[in-house]
1. Take the stretch 62-79 and flag every residue that is over 12 Å from the mean Cα position of the chain (by Cα) and either loosely packed, with under 15 Cβ neighbours inside 10 Å or within 14 Å of residue 109 (Cα to Cα) (or both).
2. Could you pull out the residue among 41, 59 that is crowded, with 18+ Cβ neighbours inside 10 Å and either modelled with pLDDT under 95 or under 13 Å from the mean Cα position of the chain (by Cα) (or both)?
């Protein structure tokens with residue numbers, strides 16, 4: 001599993017001009033089901049929404065699922081230092097980063113988008 005994180009041309013998590021979080025994407029493993037287990041997916045964090053695609057190349061075909069982060073609860077796994085869970089109402093995504101450092105990077109980026117730097121009504125319809 002290889003992680004390809006990007007942040008729209010900047011090492012910062014916030015666009016200095018607009019003050020809003022920038023796009024952040026990369027490969028995370030997502031728990032699918034007991035038959036297929038963990039599957040690598042391209043995950044994109046943009047405009048207070050977390051979306052996933054089968055791969056980066058398939059982004060043009062649309063996402064396979066998305067979560068509005070305004071009411072999301074991010075829970076780092078108690079024993080697996082690479083895993084974190086995101087829940088919104090009855091929907092839970094089980095995600096796993098390449099290593100603990102990438103997990104922290106993802107959690108921090110998600111929290112930044114969630115903090116209200118973007119208007120929820122603009123992005124979560």
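1. Start the filter on the stretch 62-79 by keeping residues that are over 12 Å from the mean Cα position of the chain (by Cα), which leaves 62-64, 70-71, 73, 75-79.
Hits for the stretch 62-79 are 62, 64, 70, 71, 73, 75, 76, 77, 78, 79.
2. On the way: 59 fails: crowded, with 18+ Cβ neighbours inside 10 Å.
That would be 41, the only listed residue that is crowded, with 18+ Cβ neighbours inside 10 Å and either modelled with pLDDT under 95 or under 13 Å from the mean Cα position of the chain (by Cα) (or both).
The values are calculated or read from the model by the stated rules, or taken from the named source; none is laboratory data. This is a predicted model, so every value here is computed, not measured. Ideal geometry is used to build each Cβ from the backbone, glycine not excepted, and the neighbour counts take in all protein chains shown.
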